[in-house]
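Below: one structure, written as structure tokens.
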Amino acid sequence: MTYLMSPTSLSRYVTRDSNILQGEPIIAETQVAVRDIVVFWKSGIKPEEIPQKLLQLVTAAQVFDAISFYLDNQQEIDDRIAWYEAHPMLNISPLLRCNPLLDEVTKYVEDYRRDRNTDLDFPESEAV
């Protein structure tokens with residue numbers, strides 16, 4: 001596998017890697033995006049309860065760090081949330097992304113792109 005960009009730490013638990021979710025900020029060593037946590041938080045779920053919603057894929061400390069990252073980078077994360085709301089077929093649940101069946105999910109997205117004969121413009125990540 002060729003890496004375009006090595007993982008880059010953005011905070012204690014938040015990182016980005018161009019090979020995971022198009023370089024979107026994620027919780028390190030997971031495929032849980034900061035936007036996933038923010039969506040739960042903005043829907044009124046307490047930060048302490050989010051790990052349960054994500055089947056313990058993240059810890060409370062990681063959730064609080066993601067929210068802190070969001071508060072410092074609201075425009076980028078809000079743009080990503082809006083983009084995925086506009087493209088619901090591509091808004092794959094973090095529970096599915098972290099599933100051992102990830103290869104099937106990847107194939108689904110590739111087939112979706114091919115069937116529509118289009119390249120999808122994901123929101124730009126900040127240059128690292």
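The values are calculated or read from the model by the stated rules, or taken from the named source; none is laboratory data. Being a predicted model, the structure only gives us computed values, none of them experimental. Note: ideal-geometry Cβ built from the backbone for every residue, glycine included; neighbour counts use all protein chains shown. Just the protein is used for accessible areas: all its heavy atoms, side chains included, with ligands, DNA and RNA removed. Shrake-Rupley method; radii C 1.70, N 1.55, O 1.52, S 1.80 Å.
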| remark: In Å², rounded to a whole number, the accessible area per residue of the stretch 20-85 with probe 1.4 Å is 47
| request: Please give every one of the lysines within straight-line cross-link reach of Lys107, meaning a C-alpha to C-alpha distance under 29 Å, and leave out same-chain neighbours fewer than 8 residues apart. | output: Lys53
| query | Which percent of the Cα-Cα distances in the stretch 48-87 go past 13 Å? | reply | 59
| query | How much net charge surrounds Ser9 when only other residues with a Cβ under 13 Å from its Cβ are counted (Lys, Arg +1; Asp, Glu -1)? | reply | -1
